[in-house]
Amino acid sequence: GVRKAVVSTQSTGGLAPLYGTDDETVTQGLDGLADRCKKYKEAGAQFAKWRAVLKIGENRPSELAIQENAVTLARYASICQSQGLVPIVEPEILCDGTHTLIQCKKVTERVLSATYKACVDHNVYLEGSLLKPNMVTPGMQCTERATPEEIGAATVIALQRSVPPAVVGVTFLSGGQSEEDATRNLNAINQYQDPGRKPWKLSFSYGRALQASVLKAWQGKKENVPAAQVELKKRAFANHQAALGQYAGDVTGASGSDSLFVPNHQY
């Protein structure tokens with residue numbers, strides 16, 4: 001059947017160096033954001049996304065990077081809401097590195113706690129916002145891998161310790177995971193047994209993990225469009241099941257287990 005799509009936009013001006021740090025960044029684009037949001041709303045958009053990027057490594061993320069990105073995310077969210085848009089708050093902790101699951105969990109808790117402290121300070125209406133975080137995973141170069149169940153537990157616990165229940169939805173980014181890993185990990189997050197303390201809808205906002213099989217099937221050829229559409233529907237349905245904790249691992253795609261990791265991913 002026909003599905004109605006709600007229009008969204010990315011409102012950032014890109015990453016800028018955060019001088020005085022070890023190759024850390026802050027997102028720019030707050031100047032003129034209110035006017036841009038007004039135009040987005042008039043054009044039919046209902047959501048706007050702002051991506052901040054943090055890195056795990058020796059002395060990273062610094063407290064400066066955490067606080068600067070938290071305040072910037074909060075200012076963006078309040079500006080969006082002033083113009084009638086729902087802000088999608090995205091503090092992405094990159095998966096690049098050798099850090100362990102536990103290290104990622106601790107950093108995620110620090111980053112999300114700072115982000116929501118800043119949102120409260122800026123009078124953001126949390127009930128009218130969404131969070132788009134990374135899942136808690138080991139770094140891509142870490143030799144100590146984690147199961148979906150371990151990732152699910154670590155992710156939910158990090159959210160419980162840092163995200164207010166007033167936030168209605170958490171839509172995870174895939175962050176370089178393979179399509180299958182992103183789906184299995186989302187499924188494990190929703191299957192994690194602590195329902196009384198999972199007050200948010202735990203869903204997905206994937207880029208690469210929704211597109212890889214589609215692009216492989218399409219190959220830029222018009223005659224491949226129907227096959228590409230089939231791949232998109234398959235992947236979307238698999239993640240729909242995972243968002244309910246009901247994925248059985250029975251949906252295969254052209255890029256299912258292929259690594260989608262891109263070092264220091266920027267867009």
ask   = Hey, Q211 hits all of (1) open to solvent by 80 Å² or more (accessible area, probe 1.4 Å); (2) of a type in the set (S, T, N, Q); (3) part of a loop (DSSP other than H, G, I, E, B) but one; which does it fall short on?
value = (3)
key: Members of the range 62-87 found to be crowded, with 23+ Cβ neighbours inside 10 Å and not hydrophobic (A, V, I, L, M, F, W, C), listed by number   = N69, Y76, P87
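Condition (residue is at pLDDT 95 or above and more than 14 Å from the chain's Cα centre (by Cα)) applied to the range 253-265: is it met by at least one residue? First the steps, then the outcome.
Taking the range 253-265 first, the residues at pLDDT 95 or above are none.
Within the range 253-265, not a single residue is at pLDDT 95 or above and more than 14 Å from the chain's Cα centre (by Cα).
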request  = Please list, ordered by first then second residue, the pairs with beta carbon atoms under 6 Å, 6 or more apart or interchain, first in the range 75-87 and more than 17 Å from K132 (Cα to Cα), second at pLDDT 95 or above and of a type in the set (D, E, K, R).
outcome  = Q83/K38; Q83/K41; G84/K41
Flag if E149 is charged (D, E, K, R) and within 17 Å of the chain's Cα centre (by Cα) = no
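Just to be sure, is K106 under 23 Å from D23 (Cα atoms), open to solvent by 20 Å² or more (accessible area, probe 1.4 Å) and free of Cβ contacts under 8 Å to residues at least 24 places away in the same chain? Even if it seems obvious, please write down each step before you answer.
Details: under 23 Å from D23 (Cα atoms): yes; open to solvent by 20 Å² or more (accessible area, probe 1.4 Å): yes; free of Cβ contacts under 8 Å to residues at least 24 places away in the same chain: yes.
Taking the combined requirement at face value, the residue satisfies it.
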key: Which numbered condition T143 fails, given (1) within 17 Å of N69 (Cβ to Cβ); (2) among the hydroxyl-bearing types (S, T, Y); (3) surrounded by fewer than 22 Cβ atoms within 10 Å (Cβ to Cβ)   = (1)
Some residue of the range 7-23 being under 24 Å from N123 (Cβ atoms), open to solvent by less than 40 Å² (accessible area, probe 1.4 Å) and small (G, A, S) = yes
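The values are calculated or read from the model by the stated rules, or taken from the named source; none is laboratory data. Bear in mind that the values here come from a model prediction, so they are computed numbers and not experimental data. Cβ atoms come from the backbone with ideal geometry, glycine included; neighbour counts cover every protein chain shown. These area figures cover heavy atoms from the full protein model, side chains too; ligands, DNA and RNA do not enter into them. Shrake-Rupley method; radii C 1.70, N 1.55, O 1.52, S 1.80 Å.
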